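The values are calculated or read from the model by the stated rules, or taken from the named source; none is laboratory data. Quick caveat, the model's predicted, so the values are computed rather than measured. In this analysis, Cβ positions are derived from the backbone assuming ideal geometry, glycine residues included, and neighbour counts consider all displayed protein chains. Surface areas here come from the heavy atoms of the whole protein model, side chains and all, with no ligands, DNA or RNA. Shrake-Rupley method; radii C 1.70, N 1.55, O 1.52, S 1.80 Å.
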Amino acid sequence: MRGLILKDVAKSFGTVPVLQNINLSIQTGAFVCLLGASGCGKTTLLRTIAGFEDLAAGDIRLDGQSLNGVPPYQRNIGMVFQSLALFPHLNVIDNIAYGLSIRGMGRAQRSARAQELIALVDLTGMERRRVSALSGGQKQRVAIARALAIEPSLFLMDEPFSALDAGLRERLQKQIKQLQRRLGVTTVFVTHDQQEAMTLADQIVVMRGGTIEQVGSPSDIYHRPQSRYVAEFVGQNNILDITVKDGTAYWQQQPIGPAKAWPAQTTLALRPEHLRQTTNPSDGVSGRVSFVRQLGSVIETQVEVGALTLIQTQLANTAPLPDVGEPVGLAFDLTHAWELPA
Amino acid sequence: MSAVTATKDRGWIIALIPLGTLVLFFVAPMAYMAAVSVFKNDPAAFFKPAFVLDNYAKFFAPFYYSISLRSFVQAGLGAGIVTLLGFFTVLFVSDQSRWLQRFWVILLLSLLCLSEVVIAFALLILFSQSSGIPKLLAWLTLWDNPRSLYPSFGAMMAGYVMLGFSIATLMLFPQVSRRDRAIEEAAQGLGTAPALLFLRVTLPMFRTALLAAFITLFVYFLGVFVMPTMLGGPQNWNMTVIIQDRAVERFNMPLGAALAMIMLALTAVLAALLLWLNRQQRAEDA
Amino acid sequence: MIRALLRSIFLWAIAAFLLIPFAIVAGVSLNPARQIAFPPKSVSGAWFVEMVTDRGWQVAIWNSFSIAFIAAMLATSVALLAAYALWRRDTWLSRSVFALGLAPYMVPPIILALGASVFWAEVGLYGSRWATTISHGVLFVTLPLVIISRGFSVLNREIVDASNISGASPTQTFTRVILPIIAPYVVTSFAIVAIISVNEYLISSFISGFTVETLPIKIFNNVRYGYTPVLAAAAIGFAAVTVGVLVLVSFFTDLVELFGGSAPEDLR
């Protein structure tokens with residue numbers, strides 16, 4: 001069986017469980033993102049796959065072979081660390097060739113392979129530079145090249161771009177995605193940034209409190225969240241606890257639109273772009289503007305309805321900016337509502 | 001589900017090598033000295049295994065009392081002077097440029113490493129009639145009848161200061177140079193006068209560090225041998241000199257060992273007492 | 001302004017107190033007269049020549065340097081292992097080894113010296129240069145331990161993980177990554193122990209003072225029996241070597257940072 005398979009993986013630090021019931025199957029060549037808030041266990045899971053942490057229970061198999069008890073240095077895994085962890089005493093090419101030299105590869109062969117990677121990550125001409133003399137993006141690419149030089153069966157990345165500024169991060173995300181496609185190496189990428197996960201992943205694994213909350217394609221995760229947590233964590237969402245009577249959905253005892261085939265009581269997730277400001281109160285609910293901000297092409301408005309807050313977005317320049325404190329009506333487009341499983 | 005085999009960490013074995021070395025060549029000699037202190041003196045060999053307390057009993061004589069007292073007074077005085085001078089030096093040096101700081105660190109490190117014997121010899125020359133201060137004073141016609149300034153208590157104390165200065169300053173340097181300078185500025189902003197600022201803010205900030213330096217120096221000065229013998233007279237000799245005399249010059253190892261044990265115990269008690277006082281004080285402050 | 005001036009005067013006074021004795025010794029050592037005298041009437045290197053050509057001084061120099069070299073190797077190795085063990089894993093074992101390594105610094109040297117001498121007498125190596133060497137190597141472990149630990153404290157653990165995942169076993173990681181990164185601290189430790197050992201009097205004199213005459217022992221003994229300008233030459237040669245080694249060390253290790261200093265933001 002090819003690919004990476006995690007079966008019933010569990011792990012605890014002392015008496016505190018940090019990973020529970022992790023079951024995951026990753027196909028060869030896939031790009032998987034572990035997504036979650038800090039402390040959800042995503043980095044621990046990655047380090048467990050790498051072999052830096054022991055399992056309390058379960059099995060990790062890579063291409064059919066169990067990794068239990070195999071030390072990290074015998075796993076043939078490439079990894080990019082959060083701090084990058086470049087060897088400060090080696091120059092660029094020696095950093096990249098480190099794993100090859102450990103594997104006993106001859107000098108000429110080693111240097112040829114390292115050159116190949118230097119070209120691949122666009123660092124030609126920097127071979128003899130000290131790593132401390134490189135820019136953030138260059139260091140990043142050395143770390144990636146070093147991890148890939150050993151032709152790993154598995155490529156792991158632990159929030160490698162979190163310290164970079166937004167523009168550089170986007171460029172590197174694009175590059176790493178293209179590189180991964182080209183090399184076809186199975187990749188697991190840890191991030192807390194859902195946009196990054198959306199950009200990179202074939203498959204996103206949302207984690208929470210040491211367990212897997214949902215596994216799916218970026219579109220699955222975004223459009224068909226399986227829990228309230230995922231709905232709220234990935235992008236912005238309005239969570240509506242509704243009742244259904246005679247084909248009409250009611251929220252906070254007010255009718256908000258025609259219901260689909262929903263049970264009498266259920267929970268909906270509705271993206272902010274599917275709410276509309278209105279002056280006609282019979283159209284939906286009325287509330288008061290509590291916060292407004294302009295996000296480039298979009299205006300985001302938060303509206304207090306009773307004790308609850310809804311988020312609404314609209315394209316800029318389609319309507320005047322509302323003032324904080326102003327009363328406003330909100331209409332719902334329930335055709336885009338997603339019913340959360342109970 | 002397959003069995004989980006945790007990779008056993010055998011790294012602790014690394015710690016056994018330094019442990020073994022230290023136990024064999026540091027702890028064992030200390031323990032053996034403790035044993036020798038109850039042995040019988042044997043002029044033919046070094047000592048004969050026995051269990052006698054004579055060696056300890058000999059300590060309870062006015063001679064050893066006065067020597068002990070003198071050792072403590074000298075060590076305490078030296079430690080006090082050096083801690084104070086060292087503290088001001090470090091305080092001022094830490095505000096100097098990196099270049100000057102490097103000069104001071106190298107100067108202090110050199111002194112730290114330099115042999116007691118060489119330091120004592122340098123002071124010997126400084127205080128000698130033929131080439132040092134007395135000669136200078138005579139040349140300036142300030143002293144009609146110059147003679148050497150050693151052996152004397154003052155010369156010996158100068159030796160203590162020069163010897164301990166590097167230890168005190170290098171101990172205090174990290175804390176003082178990394179102090180949060182904003183605290184002093186804040187106090188100044190609140191209207192504290194400079195003199196008061198030092199007493200009320202700067203000094204209390206470093207009380208523990210100063211105490212640690214004082215204790216270290218105190219213990220170190222109790223064990224000083226070269227300064228009293230080269231720069232002081234017999235009336236300045238401390239316990240260390242007496243121990244050396246009994247153990248090496250008079251071949252009475254058991255007596256030397258017993259005296260050393262007593263000294264070790266007294267040192268430990270004093271250090272513990274000072275630490276305890278400091279903790280009491282801190283508890284009161286809190 | 002006045003406060004800054006007073007501070008400078010204080011610092012220069014202290015520096016003068018620490019340096020003038022050596023200036024005088026240097027002067028004495030350059031005076032060709034047989035009597036010790038300062039200031040020198042003329043300048044000559046005769047006493048330095050006598051020191052390095054005299055058989056007695058040569059033996060003392062050889063004794064001191066050979067003992068120091070091996071003692072420094074020993075102390076540095078022990079300290080490296082202890083610091084590495086503690087850095088690897090913080091257990092009661094590694095912590096007690098570290099604490100034990102700090103202990104010799106807190107015991108008065110006379111007690112260390114006496115303990116070592118009864119121990120070596122029992123072992124049968126009393127008076128041997130090996131006894132002095134080993135005692136120096138073990139008892140001077142504290143400074144290297146502190147210095148090398150400081151080196152480990154700046155070593156990022158992910159660097160070790162990175163080496164590990166690249167295929168390097170723990171041993172390979174130690175020799176190819178950890179050791180090269182820690183090297184400046186190890187070299188500094190080696191230099192400092194070597195200097196301390198060369199300069200040490202009390203322990204050497206207790207263990208093998210009668211048989212193995214080191215430089216400090218020779219100087220001490222000579223002072224007792226009346227001193228000559230050769231002594232001044234030896235003392236100043238000593239000081240010069242000490243300072244020279246430290247200046248050399250300062251070229252590849254930031255000593256100010258190593259000893260915990262941090263320069264203020266506004267450098268004057």
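Odds and ends about this structure:
- Share of carbon and sulfur in the accessible heavy-atom surface of the stretch B:53-285 [1.4 Å probe, %]: 67
- Whole-percent carbon and sulfur share, accessible surface of the stretch A:70-189, 1.4 Å: 46
- Each residue, A:Val324 and B:Arg282, gets one label point 7 Å from its Cα in the Cβ direction; the gap between the two is 4.6 nm.
- Pairwise FRET efficiency - B:Lys58 versus A:Arg103, Cβ, R0 = 51 Å, nearest 0.05: 0.15
- Projecting label points 7 angstrom from Cα along Cα→Cβ for A:Asp63 and B:Ser97 puts them 6.1 nm apart.
- Shielding by partners for peptide A:79-89, expressed as the average number of C-beta atoms from other protein chains within 10 Å of each residue's C-beta, is 6.
- C:Ser42-C:Glu257 FRET efficiency (beta carbon distance; Förster radius 45 Å; 0.05 resolution): 0.50
- Computed helical MRE - 222 nm, chain C, DSSP H runs ≥ 4 contributing -39500 (n - 2.57), nearest 500: -24000 deg cm²/dmol
- Per residue of peptide B:225-232, the mean number of Cβ atoms on other chains within 10 Å of the residue Cβ is 3.
- Mean residue ellipticity at 222 nm, helices only, chain A: -7500 deg cm²/dmol; runs of at least 4 DSSP H residues each add -39,500 (n - 2.57), and the sum is divided by the number of residues.
- Debye log10 I(q)/I(0) at q = 0.09, 0.10, 0.18 Å⁻¹ for the stretch B:53-285, Cα point scatterers: -0.50, -0.60, -1.30
- MRE, 222 nm, helices only [DSSP H, n ≥ 4, -39500 (n - 2.57), over chain B, to nearest 500]: -21000 deg cm²/dmol
- Each chain gives up part of its surface: C and B jointly bury about 8200 Å² of accessible area, both sides summed, for a 1.4 Å probe.
- Ligands, DNA and RNA are left out, and with a 1.4 angstrom probe the accessible area of the stretch C:25-257 is 38 Å² per residue.
- For the stretch A:37-123, the mean projected area of the C-alpha convex hull, equal to one quarter of the hull surface, is 7.9 nm².
- Loop trypsin sites (Lys or Arg not before Pro), the stretch B:206-286, which have at most 15 other Cβ atoms in a 10 Å radius of their Cβ (DSSP): B:Arg250
- Peptide ranges B:41-48, A:49-56, C:140-147 listed from the most packed, as the mean C-beta count within 10 angstrom indicates: C:140-147, A:49-56, B:41-48
- Within 10 Å of each Cβ in C:72-80, the average number of Cβ atoms from other chains: 2
- Cβ-derived FRET efficiency at R0 56 Å, A:Lys7 paired with A:Ser286, nearest 0.05: 0.60
- Relative contact order, percent, chain B [alpha-carbon distance under 8 Å, six or more residues apart]: 28
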